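As structure tokens, the structure follows; a few thoughts come after it.
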2 protein chains.
Amino acid sequence: MARKRITPGKIRLTEVAKLAGVSPITASRFFRTPEALSVGKRARVESAAKELGYVPNLAARALASQRTEVVGVLIPSLTNNVFADVLRGIYDALDGSRYSIQLANTRYSILQEERLLRLFLAQKPAGLIVTGINQTADSRAIMESVDCPIVQIMEIGPSPIDMMIGFSHFDASRAAIAHLLAQGCRRIGFLGARMDPRVQRRLDGYQAAMNDAALFDPRLVVTTAVPTSVTLGGTLFADLLAKAPDIDAVFCVNDDLALGALFECKRRHMAVPDQIAIVGFNDLEFMSSSVPTLSSVRTNRYEMGRDAATMVIETLEGRRPAEPVVDLGFSVMERQSSARRS
Amino acid sequence: MARKRITPGKIRLTEVAKLAGVSPITASRFFRTPEALSVGKRARVESAAKELGYVPNLAARALASQRTEVVGVLIPSLTNNVFADVLRGIYDALDGSRYSIQLANTRYSILQEERLLRLFLAQKPAGLIVTGINQTADSRAIMESVDCPIVQIMEIGPSPIDMMIGFSHFDASRAAIAHLLAQGCRRIGFLGARMDPRVQRRLDGYQAAMNDAALFDPRLVVTTAVPTSVTLGGTLFADLLAKAPDIDAVFCVNDDLALGALFECKRRHMAVPDQIAIVGFNDLEFMSSSVPTLSSVRTNRYEMGRDAATMVIETLEGRRPAEPVVDLGFSVMERQSSARRS
DNA sequence: ACCGATATTGACAGCGCTACCAGCACCTTG
DNA sequence: CAAGGTGCTGGTAGCGCTGTCAATATCGGT
């Protein structure tokens, strides 16, 4: 009846154990809790594994142990420079560790996010990194009931699911406006694209700052659900000028829009900053080398990814960070595009 | 002695089979080869699975079947816009399919690539997407001996490992130079960063075109191993001007450098294109909205990723593409920055 | 020398699924 | 009506590893 599914020269843990003269379970322990082995056996297993070129079978390990060494990462976009930096941080932190990454793209949809979450959790990930704090109620419930470290990234807020690392988009935006006000600007326009939750909070920060200064005017705000681009920055800026021709500054929710606005100014022969001040958000690399250099709000994206991944690892290794919520802050980079008019 | 490791309410294939009134193996077949079931059982298993909310255990599946449904993707950079577009194509194509993606970052090192390759292949991926055609001899040997579809992306060349999709960087570069020559430029500089194999081939194309026109001069070439950035574009352009003050055009191996060169021209009050023509490479979104608009070589990055993933899937489903090497071509986008001087 | 505590090692079964073969019913063909 | 498909279903074992407990070795203290 049953025929062995013979696997010829394959190197399994059994082979390593045999060569090392120990039982398979001891060899197994070498890879998981080496400190539990006597020094002699540890060395024997190590050299046997190296000699045979043993590579553990992760599927078997996952099946037997009921868990994986995969960290799931959920981000809304693959093309956005911001997330590219975050991802690089995550990959750098996890590179060389035992953990690997499963990346999925929610496309800014929390329903898609929920679907992907279920998919992930069914495979029992070691940890989870999710973007933002606006999950569906179901997503939240799922994550709260699951027993693995979870880090919410990009922003901070009350009641983290588990851990959190980011900064306040509201405060960052308000600080940018405060800077423009300090430069003497009064009619400060707002350009927003995509309008995901974090951009929305930047709008809130803008509005709060403008209201505090008694300068808010709905005609100053131009937003769209369309994804951001440099070209869109020009278009939105043109729309803004049509609604409020008397603006003396514009705050853009990201640097692409800011660059687009700058180009639109060029096209219209409007002097930056003398006629119009421009401030962007994120401080991408090009902001400091454009002409004029563009002011922006620097955010620590690479660090965010790296530290989020590190928080996951530390928790898994039993060294849970003392503080579950980390505020990475921001800094307003004041450059030529918003220099005080002389 | 042996105690059952009881798993209480967990839904396994057995539970689904029981509810559907079939054997586990029949239920299993429903998920792999539904067409092999009778219509009645198919419906019964389907509704049972849905009722119980069954989610297959991928680790068990992988262990039993000796293969996974993971497509490994090896790219050199996570922050480069070019790869972000490619990745988006890959994710889009695989989204909704049964396959998932394992992404790894080689950081432009073929040794790192080889290491990651071994890691991947030990887990028996369903397919593989790797960047470029310059692998180590060992990497190549490993991939040739492995039995899964492999697509090399970004460029095309002789002797594909399996399949290939991309375009000729040499030809694309030569076409860009031909365009500049046609615009009347004679002293055409070359700006290169990172100098990975594909950039090197763009340099080769430049050199061939310049030699054909008897215009090549080594002083026109400025390259560096440093990773690209807009700021670097300005720096390299300044270096170029120092070496060859009489240039009338500059070809940049990517758009970041081109934008940086444009800004440097602004800083030096050099008129573009009247004094200096600029052409970039990749045709990122911002190229068409800068002032002046920037000429570039459009490459089909999203399509490359999408089609590469599709080629993998098609092969796995037994519909191997007739043509293993796909040339996606390119097009020279002629814009203001290289318009014929009047 | 004896006792209990601690470090090390091993035996066994089982994680949840699928490969393999066998069996049966129903056809088709000559 | 026999022979040989073809389509569908099921039984059995096993993929390679680890959880659980048991067994043995080692050691300090009295």
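The table below gives the values:
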quantity	calculated
Test: residue in segment A:68-78 that is within 14 Å of DNA strand D (Cβ to nearest atom) and more than 29 Å from B:Leu87 (Cα to Cα)	no
Top-ranked residue of segment B:151-168 - restricted to ones that are free of Cβ contacts under 8 Å to residues at least 60 places away in the same chain and within 20 Å of B:Ala84 (Cα to Cα), ranked as surrounded by the fewest Cβ atoms within 10 Å (Cβ to Cβ)	B:Glu155
Count - residues of segment A:101-145 that are surrounded by 17 or more Cβ atoms within 10 Å (Cβ to Cβ) and within 26 Å of B:Ala60 (Cα to Cα)	21
Any chance B:Arg268 is away from chain A (no Cβ under 14 Å), among the basic types (Lys, Arg) and surrounded by fewer than 24 Cβ atoms within 10 Å (Cβ to Cβ)	no
Verdict on B:Thr131 being within 17 Å of A:Leu103 (Cβ to Cβ), out of contact with any Gly (no Cβ under 8 Å at 6 or more places or on another chain) and more than 10 Å from chain A (Cβ to nearest Cβ)	yes
Where a residue in segment A:38-60 is closer than 11 Å to A:Leu19 by Cβ and more than 14 Å from every other protein chain (Cβ to nearest Cβ) and its partner, wherever it lies, is among the hydrophobic types (A, V, I, L, M, F, W, C) and not in a helix (DSSP H, G or I), with Cβ under 7 Å and at least six apart	A:Arg44/A:Val22; A:Val45/A:Val22
A:Thr68 vs. criteria assigned to a loop (DSSP other than H, G, I, E, B) and either crowded, with 21+ Cβ neighbours inside 10 Å or of a type in the set (A, V, I, L, M) (or both)	yes
Count - residues of segment A:269-289 that are under 18 Å from A:Leu191 (Cα atoms) and in a loop (DSSP other than H, G, I, E, B)	9
Output for segment B:66-77, where each listed residue is within 16 Å of DNA strand C (Cβ to nearest atom) and more than 10 Å from chain A (Cβ to nearest Cβ)	B:Glu69
Scope segment B:201-234; condition within 14 Å of another protein chain (Cβ to nearest Cβ), among the β-branched types (Val, Ile, Thr) and in a loop (DSSP other than H, G, I, E, B); matching residues	B:Val226, B:Thr228
Test: A:Glu264 is among the acidic types (Asp, Glu) and either assigned by TED's automatic domain parsing to the domain that holds A:Gln102 or assigned to a loop (DSSP other than H, G, I, E, B) (or both)	no
Segments classed as helices (runs of 4 or more DSSP H), wholly inside segment B:91-200, with at least 1 members that are of a type in the set (Ser, Thr, Tyr) and out of contact with any Lys or Arg (no Cβ under 8 Å at 6 or more places or on another chain)	B:137-145
Flag if A:Arg29 is without any contact (Cβ under 8 Å) to a residue 40 or more places away in the chain, among the basic types (Lys, Arg) and either within 16 Å of DNA strand C (Cβ to nearest atom) or more than 14 Å from chain B (Cβ to nearest Cβ) (or both)	yes
Filter result for the condition that a residue is within 12 Å of chain A (Cβ to nearest Cβ), modelled with pLDDT under 90 and closer than 30 Å to B:Ser145 by Cα, over B:Leu119, B:Leu63, B:Leu87, B:Leu103	B:Leu119
Hits in segment A:311-334 - residues which are surrounded by 20 or more Cβ atoms within 10 Å (Cβ to Cβ) and either closer than 30 Å to A:Ser100 by Cβ or within 14 Å of chain B (Cβ to nearest Cβ) (or both)	A:Met311, A:Val312, A:Thr315, A:Val326
So A:Asn81, is it within 11 Å of chain B (Cβ to nearest Cβ), closer than 30 Å to A:Pro24 by Cβ and in contact (Cβ under 8 Å) with a residue 12 or more places away in the chain	no
Candidate set: segment B:27-44, residues that are surrounded by 13 or more Cβ atoms within 10 Å (Cβ to Cβ) and more than 40 Å from the chain's Cα centre (by Cα); chosen: the one modelled with the lowest pLDDT	B:Lys41
Test for A:Ser47: is it over 30 Å from A:Glu285 (Cβ atoms) and either within 13 Å of DNA strand C (Cβ to nearest atom) or aromatic (Phe, Trp, Tyr) (or both)	no
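Here is a yes/no grid of residues against (1) aliphatic (A, V, I, L, M); (2) closer than 24 Å to B:Ala261 by Cα; (3) without any contact (Cβ under 8 Å) to a residue 12 or more places away in the chain:
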residue: B:Val279; (1), (2), (3): yes, yes, no
residue: B:Asn282; (1), (2), (3): no, yes, no
residue: B:Val291; (1), (2), (3): yes, yes, yes
residue: B:Arg298; (1), (2), (3): no, yes, no
residue: B:Arg301; (1), (2), (3): no, yes, no
residue: B:Thr310; (1), (2), (3): no, no, no
residue: B:Leu316; (1), (2), (3): yes, no, no
residue: B:Val326; (1), (2), (3): yes, no, no
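The values are calculated or read from the model by the stated rules, or taken from the named source; none is laboratory data. Small disclaimer: the values here were computed from a predicted structure and weren't measured. We place every Cβ from the backbone using ideal geometry, glycine too, and count neighbours over all the protein chains shown.
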